[in-house]
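Data block below; observations after.
The values are calculated or read from the model by the stated rules, or taken from the named source; none is laboratory data. Computed from a predicted structure; not experimentally measured. Heads up, the Cβs are rebuilt from the backbone with ideal geometry, glycines too, and the neighbour counts pull from every protein chain shown.
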Amino acid sequence: MPQPTPPSPAAPPSLAGRAAASIRRHVLVGLILAVGFGGTAAAWSLMAELSGAVVASGTVVVETNLKRVQHPTGGVVGALFVQEGDHVEAGQLVLRLDETATKANLAIIVNEMTALRTRLARLTAERDGAQDMTVPPDIAHRARLEPEIQTLVDGERLLFASRARTQAGLREQLTERVQQLREEIKGVEAQQRSLEAQLRVAQSEMQDVQDLYAKNLVPRTRVSQLEREIIRIEGSIGEFVARIAQSRGRISETELQIIQLDKDRATEVAKEVREVETRIAELAERRTAAEDQLRRVDVRSPGAGFVHQLVVHTVGGVVGPGETVMQIVPESDALVVEARISPSDIDQLYIGQETRVRFSAFSQRTTPEFKGTIFRISADLSRDEKTGQPFYVAGIRVPEAELHGSNDLKLMPGMPAEVFATTSERTVAQVLLKPLFDHMNRSLRED
């Protein structure tokens, strides 16, 4: 019986098939890894939160600012008592201006005021009708010590007496004129009375002659002669009456001149008094200003600290009005950091916000960052004088305990600093997608 034929063995797989299977396995593994990594990254970006920060450069400054030493009017330096870097106390004399011109100006004002006040004393005595002028006590005291003041007072007394004699002389002349007119009136009145008596006699005689003429005992010529005599006497009496009235009118006019003389004198004196008082008031203001300027020749430190940026170094130098002669860096005032904040970051800052401050003047290896707090933010923009770049100013206060805990570091005004202000936390996805969302929002608004 024939034996069955055994099955032939399977053919071995080809090289190309094995390679394709390997590639599929690697691709599958790669896809699985990519999906896993992408999912993990997406989950991390949605869950992980990052802390933002506003970074700004700043400078250490005195919290109350540097104290400037200035002079309102300026002048020539007479003496200099400090040098750059010297320590001064509050009220310490640091500079003295030359006082020669100031003293001379004050002396001129005082002397002019003395002359005017002496003149006012004379005018007041004239106005009040006093027998002598009364000099103010301070001027009288100066007159005993200063010959020129005594000469001034004596001159005013002589003028007072002279003007009084002149006024009295004018009044006396007018009074004598009135008396003369009154005496003249008396004489004319006597003549008038004599003529009136003659008139009565002539009238009586005329009556008798008329009776005789009526009886044809006297001629007509006799009657006419008496009539002419009566008319003449009556005319003379009329002239005397007119002369008396004229003299009385002149008396009234002269008396009015006496009254007007006193009135004009009083008006003139009152006018001079007003002018002198006005001038004295003006000089009093100038004297106050000059005395204040004389007191200000001594320039004193406004506070305790160190002399900084001394401008004048020699006696005889000129200080301009309002010019800063030096600055005083306070030693007891707190030091703070003033940081310049970009306008684009200002909306992320607020009062009381915590910051980290790094002082680049110290060793970064041994000096840590310090905690600080924003206590002041400027209300408006400032601009850099050189670059013109706008910025806001934020004040950061670093507690003393922070500094004392780091090898007792001592801050100095002007030291540079870097400020890191922590802002709100955001996820990685928000940070990465914010530019895209902002661009989309702008595009939608433009459409």
Show the residue pairs that are 6+ apart or on different chains and have beta-carbon atoms under 8 Å apart, the first residue being within the stretch 217-228 and outside the structural domain of Gln198 (by the TED database), the second being at pLDDT below 85 and β-branched (Val, Ile, Thr). none
In the stretch 370-398, which residue that is of a type in the set (Ser, Thr, Tyr) and in a loop (DSSP other than H, G, I, E, B) is surrounded by the fewest Cβ atoms within 10 Å (Cβ to Cβ)? Thr387
Quick one: what pairs do we get from the stretch 360-382, first residue at pLDDT 70 or above, second surrounded by 12 or more Cβ atoms within 10 Å (Cβ to Cβ) and hydroxyl-bearing (Ser, Thr, Tyr), C-beta under 6 Å, 6+ apart or different chains? Gly372/Thr355; Ser378/Tyr392
Filter the stretch 172-188 for residues that are of a type outside the set (A, V, I, L, M) and touching a helix residue (DSSP H, G or I) at 6+ places or on another chain (Cβ under 6 Å); which is nearest to Leu123 (Cα to Cα)? Arg177
Residue satisfying condition, being among the acidic types (Asp, Glu), within 58 Å of the chain's Cα centre (by Cα) and buried (at least 16 other Cβ atoms within 10 Å of the Cβ), within set Glu146, Glu156: Glu156
Based on what the data block shows, is Ile244 over 30 Å from Leu261 (Cα atoms) and among the β-branched types (Val, Ile, Thr)? no
Positions within the stretch 231-280 being farther than 30 Å from Arg165 by Cα and of a type in the set (S, T, N, Q), in sequence order: Ser236, Gln246
Quick one: in the stretch 136-166, of everything that is free of Cβ contacts under 8 Å to residues at least 12 places away in the same chain and in contact with a helix residue (DSSP H, G or I) (Cβ under 6 Å, 6 or more places away or on another chain), which residue is farthest from Asp264 (Cα to Cα)? Ala143
Yes or no: Arg182 surrounded by fewer than 14 Cβ atoms within 10 Å (Cβ to Cβ), in contact (Cβ under 8 Å) with a residue 60 or more places away in the chain and part of a helix (DSSP H, G or I)? yes
One residue from Glu112, Glu99, Glu84 being modelled with pLDDT under 90 and either touching a helix residue (DSSP H, G or I) at 6+ places or on another chain (Cβ under 7 Å) or within 29 Å of Pro136 (Cα to Cα) (or both): Glu99
From the list Thr175, Thr254, Thr166, which residue is hydroxyl-bearing (Ser, Thr, Tyr) and either surrounded by 15 or more Cβ atoms within 10 Å (Cβ to Cβ) or not assigned by the TED database to the domain that holds Glu126 (or both)? Thr254
Take the residues in the stretch 21-63 that are charged (D, E, K, R) and within 60 Å of the chain's Cα centre (by Cα), then tell me which one is modelled with the lowest pLDDT. Glu49
Of a type in the set (Asp, Glu), more than 51 Å from the chain's Cα centre (by Cα) and in the same structural domain as Gln173 (by the TED database): which single residue out of Glu268, Glu282, Glu234 fits that description? Glu234
Give the residue, chosen from Gly78, Gly74, that is outside the structural domain of Ala394 (by the TED database), more than 12 Å from Val325 (Cα to Cα) and surrounded by fewer than 17 Cβ atoms within 10 Å (Cβ to Cβ). Gly78
Among (1) surrounded by 14 or more Cβ atoms within 10 Å (Cβ to Cβ); (2) under 30 Å from Ala143 (Cα atoms), the one test that Gln192 misses: (2)
Quick check, is Gln207 touching a helix residue (DSSP H, G or I) at 6+ places or on another chain (Cβ under 8 Å) and either in the same structural domain as Val178 (by the TED database) or at pLDDT below 85 (or both)? no
Any chance the stretch 122-135 includes a residue that's in a loop (DSSP other than H, G, I, E, B), without any contact (Cβ under 8 Å) to a residue 24 or more places away in the chain and of a type in the set (S, T, N, Q)? yes
